[in-house]
Each structure stands twice: as structure tokens, then as C-alpha cells.
Amino acid sequence: MSRAPAPARDATTGFLRALVDEWARAGVRDACLAPGSRSGPLALALAGDDRLRVHVHLDERSAAFFALGLAKADRRPVIVLSTSGTAPAHFHPAVLEAHHGRVPLVVCSADRPPELRDTGAGQTIDQVGLYGGAVRWACDVEAPADRPGAGATWRAIAARAAAAATGPPPGPVHLNLAFREPLVATGAPPVAAPGRADGRPWVAVTASAAPADDATVDRLAALVARSRRGMLVAGWGASVSEETAARFAGACGWPVLADPISGLRVGGHAVSTYEALLRVPGFADAHRPDLVLRVGAPPTSKLLGGWLDSAVPQIVVDPDRAWLDPARAAAEIVLADAEPLLVALADRLPGPAPPDGAWLAGWQAAEAAARAALDAALDGDPQSECRVARDLVAGLPDGATLLVASSMPVRDVESFAAPRAGLRFLANRGVNGIDGLVSTVLGAAASPGAGPVVGLLGDLAFLHDVGGLASPAARAVDATFVVIDNDGGGIFSFLPQAQLLDPDGAHFEALFGTPHGLDLATMAAAYGAHAVRADDATVLQSVAAAIAAGGVQMVLVRSDRPAHVSRHEAAWQAVARSVAPLNPT
């Protein structure tokens, strides 16, 4: 007598429960998604696990940049999910930023099963390899099926995705997930896919630090000790604590030229006015270093990057083999984690007496004079974007997070912000775009440990992603946007296009200035954000009130684009006058 077939089991439900459980075991705590049918099974599985928070968005680009900001602030992978078709294509800008900016994302695109691809089935494109080389790992996952060993396969895929996103180096991974209909639970028992009994991930990945070996440390320490005019330069992604940077600088007697977004513009060795000082005739030549140790990416300042050319011996600490050296100026790249390397170097150096006390003292004297000149120039100038950047960095409370937009805000912060501890800086400097900034700020604000979150951005960056304010997830966070409204793209007034085009400026305005003529406060209010107008003298009070009020707030500061260029020039001239007595030439 023939045996009755075993009842069918629900493979899709078993698969998705295994995925979500593995991600939770790996420390994932958040998922971002936009609504969709093909992605519905995974959306329901994510919402059904109380270990994860689900942030719902109206569009995929907002969801991806929200996830990016959250992963930046939380430093753990965030799931981002879309349905099939053009939906995952809207993830691409955030995937690129996560790749270049080393941000952990697990990007999940729902897809038709293989038999429906290239058949004219609705909402179907080729999603395999959609993000090219901009992911740490990609997997086209077959539609779930009830077969022997399926549970181990599913859990291994989920564990590998979380581990690959975590790094080193961290970054995005892409799982293209095929689902056959029905796209809801069938009511049949799910395929069993039990995890490890002790609650660990299916595959636990141990990523140990990559310290430099003793021979390398000894050799570098000898180079540092012989240097009479050395310098520590830091850009974003420096991955060095304030304490370690200060200890290293103190041990070798070096100045520290740190972009604020590196987190290392702190302490008495920090020179915050290098953008102005290097414009003073003769100063740059008289203060060329004989050795540079650089951690993180190159600073934002093109002037600093050009000054540190290949004639200056430079050692770049680059544990991720990213070759962050656009000027091709590095003499050596050290493949080691910067934090333990600087600790080891400080231990080897005789310090704290510098080899040439006049070298550090000269930089400190120039910093004091330039700092006083910059502050006096900014204090006496109403409606200054430069002053807003300086005051925001100085005045935010300890424990706050400042997310700085590309184009002018990040440059004004670098040029005018004084050394400051206790403030965390974030920025999308992987590919330096202005897209997705509103959602990135909101995502950072969703991190439980972010503290007060403030975004400093221009009007075009705000308009580029204003739709992020419409997401349901935006209504669950506290975030303050300081928006500089100069009615267009201020960065272009500093570029050659401003001088080389038509004399009356009509083409420049149309093609680059791009004035929008919109009332941003009314627009923000339409999305439910409370907006106030302020000037450079009252922005801190307005920001403090916005933080205290909670919710999504906007502080709008009007500015004049052409005047912003002249304000920069006036500030540089004031610095030149202040350091003239110190300048040997």
C-alpha cells in the first residue's frame, strides 16, 4: 500500500524567520523599508520580531539614507528592504555612499523567481549584480524550498551578510531575494530551521585588530623621533580616539591639523586655522613639515592637500587598503589600525619634550593669532554663514551629534570651527554628495545613543531630500535642521565657473547658481516640521529651543551668496594681518 505524501510545509516562512533570527543574533537592531508586495513576506517577518525596530518610509531613497544615517550613528548593520523593479535602484546612491564611507548596510531587494525574469513579468528588472563592485558581498538567493539542509544554508547566508557588512572594512552587502507566490503565510507549518542552541549566530566571525608588527613600530618611531618638523594630519574615518591623538602629539611635539569630521580637532596641539594660514604669503613655505603621519581620509581642504605634495614625506595609515591618496603624495602606506599604532608609537617615543620646541610653538602662536582674527572678523559681520558654522560647533551641548552636509557647510566648518571636544561629527564624505541628507540626519537621530542631533545643510541639500520629512519614520525622532538659505548653490561662487562664464552672470545663475525662490519654512511646515527663522547672532538660541522642544525642527538662516565669497576673503585678509609679525618672510 502506498504511503500518503507528507503535508506541504511553508518554506518561505521558515526561511524568513531564520534570516531575521540570525540578524538579531548578530546584533542587528533596525530595519528600514518602503511598502511593496514582493517584499511583503520579509517585511512581515521583520515586524514580527520584537528584537528589531522597523522604520517605515514612503520611498526607497529615503529609506536607504535613513538606514545610512542610523548605521553611521549606531555603528552596527541596518537592514534596508525594497520590493522588486525600479525600487532597489533608488537604493543605489546610499549604497555608493556606504561603500566609500564604510557604513554597514544589509541591502535586501525582493525579486521574481528566475522563471519570471526576462519574460515581461510586471515590475521586473535584472537585479542580480545591481550595485556592481560597490558591495562587500552579493548573493542572488534562490526562492525558498523545502529540501534537506535548507535551514543551515539560510542561516549561513544571513550570518555571512551581517558579518560582511560589519567588516573590516564595514560596508554594504546585497541579498537579492526571490519569492514565489503566495506572498503571505499559507497556514502550513513552516520549514524548521533551528539556530544554535546557545543563541550564537550560525557562524560567529571574529575580526581581530591589525596592529603593526614590532619592527614596523620601531622603524616608524625612529622616523618620528628624528623629525624636527613633523605633523599629524587627520581626515574622516581616522578611527583614533581623542585621548590617543593627544598623547601621540604630546609625545612627539607635533601640531595636529585635523578636519573637524575626523573627531580629532581637540586639545592644545590642534591647529584649526590652517585653511587661512596656508593662504598667507610666505607662511606655507616657511612651515613645510619634514614628516607627515596621516590617519583617515584626506581633509576636505584642497589647499591643505595641495600643500602636502609628494615632496613632503608622508606616511598614510590605511588598514583597509583603500589607497586614500588622490594627490599620489604618500611615500608609504602602513596597513595597520591607527589607534594601536599611535599608542605603540607614543610608548616608544622619549617625549614629551619635542625635538624642536620652536616648531610646535610657532604653529601654536600662529593658531592663537589667526583664531583671534577670525573670531573678530566673524563677530563683526551680520548674516555670515561662516559664523553660523563656527558658533554651531562651539555651542552645541556635550554629547550632541552634528551631521554636516557637503558643499559649503563642511568647508565652513573646516575653515572656521575652533577645536572642540565632546561633539560627534558625521558627514557623507564617501562620495561627497548632497543627496539624502535630510533622511541621513533623521536616521542618525533614530540611534538610541546619538544625543541631540543637528544637521547643518544648505537649501539645495534640503530641497533635494525634503521628501524624507514625509516618511512615517520621521515623526518618531527628534532632529533639528539648521538650513542656510542663500537661494541656490553657494559652492559654485567659489569655483572657476563664476569667473569664466558670461560677464552679466545670467548663464552662471541659470546653470550653477540655480536660484529656487521657494519659502523653505512654509515647505517644512507642510511636512509637519516646525520652522523658525534666525540670523547668525540668534541661531544658537533657536537651536537650543528646537532641541528642547523635540520632534523635527528647522532653523532657517538667510544668507547672500555673493557676499559669502567676500566674507571668506575678508577673513583670510584679517588672518594675514594678524600673523604678519610671526611670518619670517
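The set of residues from the range 149-164 being farther than 14 Å from Arg25 by Cα and under 29 Å from the mean Cα position of the chain (by Cα) comprises just one member, Ala164.
Restricted to helices (runs of 4 or more DSSP H) entirely inside the range 487-549, those with at least 1 residues that are out of contact with any Gly (no Cβ under 8 Å at 6 or more places or on another chain) and closer than 20 Å to Val466 by Cβ are 520-526, 539-549. Regarding Ala276, is this residue within 22 Å of Arg390 (Cα to Cα) and either in contact with a Gly (Cβ under 6 Å, 6 or more places away or on another chain) or surrounded by 23 or more Cβ atoms within 10 Å (Cβ to Cβ) (or both)? So Ala276 fits the description; yes. Is it the case, given these coordinates, that Leu68 is touching a Lys or Arg at 6+ places or on another chain (Cβ under 8 Å) and hydrophobic (A, V, I, L, M, F, W, C)? Criteria not met by Leu68.
Hey, any hits in the range 445-460 for a residue that's closer than 15 Å to Ser62 by Cβ and out of contact with any helix residue (DSSP H, G or I) (no Cβ under 6 Å at 6 or more places or on another chain)? Checking the range 445-460: at least one residue is closer than 15 Å to Ser62 by Cβ and out of contact with any helix residue (DSSP H, G or I) (no Cβ under 6 Å at 6 or more places or on another chain). Where residues in the range 384-427 are among the polar types (S, T, N, Q) and more than 21 Å from Ala372 (Cα to Cα), which of them is surrounded by the fewest Cβ atoms within 10 Å (Cβ to Cβ)? So the residue we want is Ser407.
What about Pro148, is it at pLDDT below 95 and either surrounded by fewer than 14 Cβ atoms within 10 Å (Cβ to Cβ) or more than 30 Å from Pro319 (Cα to Cα) (or both)? It is true that Pro148 is at pLDDT below 95 and either surrounded by fewer than 14 Cβ atoms within 10 Å (Cβ to Cβ) or more than 30 Å from Pro319 (Cα to Cα) (or both). Selection within the range 170-185: residues that are surrounded by fewer than 16 Cβ atoms within 10 Å (Cβ to Cβ) and out of contact with any helix residue (DSSP H, G or I) (no Cβ under 6 Å at 6 or more places or on another chain). The member of this set that is nearest to Asp21 (Cα to Cα) is Val184. Listed by first and then second residue, the pairs linking a residue in the range 65-79 that is touching a residue at least 12 places away in the same chain (Cβ under 8 Å) to a residue that is of a type in the set (Phe, Trp, Tyr), with Cβ atoms under 8 Å apart and 6 or more places separating them unless they lie on different chains, are Pro77/Trp23; Ile79/Trp23. Residues of the range 294-334 that are out of contact with any helix residue (DSSP H, G or I) (no Cβ under 6 Å at 6 or more places or on another chain), small (Gly, Ala, Ser) and surrounded by fewer than 18 Cβ atoms within 10 Å (Cβ to Cβ): Gly305, Gly306, Ser310, Ala311, Ala322, Ala331. Restricting the range 186-214 to residues that are among the small types (Gly, Ala, Ser) and over 29 Å from the mean Cα position of the chain (by Cα), the residue that is nearest to Ala150 (Cα to Cα) is Ala193.
Apart from one condition, Arg387 fits all of (1) free of Cβ contacts under 8 Å to residues at least 40 places away in the same chain; (2) over 29 Å from Leu324 (Cα atoms); the exception is (1).
Okay, residues lined up against (1) over 30 Å from Ala134 (Cβ atoms); (2) in contact (Cβ under 8 Å) with a residue 60 or more places away in the chain; (3) of a type in the set (Ser, Thr, Tyr); (4) in contact with a helix residue (DSSP H, G or I) (Cβ under 8 Å, 6 or more places away or on another chain):
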{"residue": "Val203", "(1), (2), (3), (4)": "no, no, no, yes"}
{"residue": "Ala209", "(1), (2), (3), (4)": "no, yes, no, yes"}
{"residue": "Ala215", "(1), (2), (3), (4)": "yes, no, no, no"}
{"residue": "Gly237", "(1), (2), (3), (4)": "no, yes, no, yes"}
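One residue stands out in the range 265-287 among those that are among the aliphatic types (A, V, I, L, M) and either modelled with pLDDT of 95 or more or part of a helix (DSSP H, G or I) (or both): the one that is farthest from Ala366 (Cα to Cα), namely Val266. For Leu58, the test of being over 27 Å from the mean Cα position of the chain (by Cα) and of a type in the set (A, V, I, L, M, F, W, C) is failed. Among the criteria (1) in contact (Cβ under 8 Å) with a residue 12 or more places away in the chain; (2) farther than 27 Å from Leu423 by Cβ, the one Val454 does not fulfil is (2).
When Arg288, Arg247 are checked against the criterion of being of a type outside the set (Asp, Glu) and under 30 Å from Ile491 (Cβ atoms), a single residue qualifies: Arg288. Taken over the range 394-413, residues that are touching a helix residue (DSSP H, G or I) at 6+ places or on another chain (Cβ under 6 Å) and hydrophobic (A, V, I, L, M, F, W, C) amount to 5.
The values are calculated or read from the model by the stated rules, or taken from the named source; none is laboratory data. All of these numbers come straight from a predicted model, not from anything done at the bench. Cβ: placed from backbone, ideal geometry, glycine included. Neighbour counts: every protein chain shown.
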